[in-house]
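To start, the structure itself, in structure tokens.
Coordinate-derived values only; no laboratory data. What you are looking at is a predicted structure, and each value in this text was computed from that prediction instead of being measured. Note that each Cβ is placed from the backbone with ideal geometry, even for glycine, and that neighbours are counted across all protein chains shown.
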Amino acid sequence: MWAKFPKFVLGFLLISLLASIGFFTKSQTAALGNLSRWAFLLTFAGVGLRTNLRDLGKQGVRPFLVGAIGEIAIAVITLALVYGASRFASL
């Protein structure tokens, strides 16, 4: 199990813990946030560069529909939670 575990999760948890206890200054926290956004962007670029559209097309429309419906459901649930939280907070 350890071989398949994504080790970056441990780094993320460590940085989150250190930031939560005030180990970093405000400017260091901002720099880490910026680094995080760039790393996220590069990760998605790497995934996109390895994507073979022909292989995706061979899978058919069903996996696309499942993904699209899942994303729409997540968006609707998130919107409902945000709306509910804003209504609750204004009481």
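Please compute the volume of the convex hull spanned by the alpha-carbon atoms of the chain and report it per residue in Å³. Before the final figure, lay out the partial values.
On the way: hull volume 17.1 nm³, N = 91.
It comes to 188 Å³ per residue, whole-number rounded.
What's the longest uninterrupted piece of the chain once you rule out the trypsin sites (Lys or Arg not before Pro) that are loop residues per DSSP with at most 14 other Cβ within 10 Å? Intermediate results must be reported in sequence, preceding the final value.
Values: sites that count: Lys4, Lys7, Arg50.
In short, 8-49.
Explain nothing, just compute: Karplus ³J(HN,Hα) = 6.51 cos²θ - 1.76 cosθ + 1.60, θ = phi - 60°, for every residue of segment 12-17 in order, whole Hz, x for Gly and Pro.
4, 5, 5, 4, 4, 5
Just to be sure I understand: with springs between alpha-carbon atoms less than 10 Å apart, which residue in Ala80, Ala45, Ala19 has the highest mean-square fluctuation in the Gaussian network model of the chain?
Comparing Ala80, Ala45, Ala19 in a Gaussian network model of the chain, the most mobile one is Ala80.
In whole Hz and in residue order, list the ³J(HN,Hα) couplings for segment 73-89 that follow from phi through the Karplus curve 6.51 cos²θ - 1.76 cosθ + 1.60, θ = phi - 60°; x for Gly and Pro.
4, 4, 5, 5, 5, 4, 4, 5, 5, 5, 4, x, 5, 5, 5, 5, 5
Hull surface divided by four, with the convex hull built on the Cα atoms of segment 1-51: how many nm²?
Numbers: hull surface 18.3 nm².
About 4.6 nm², averaged over all directions.
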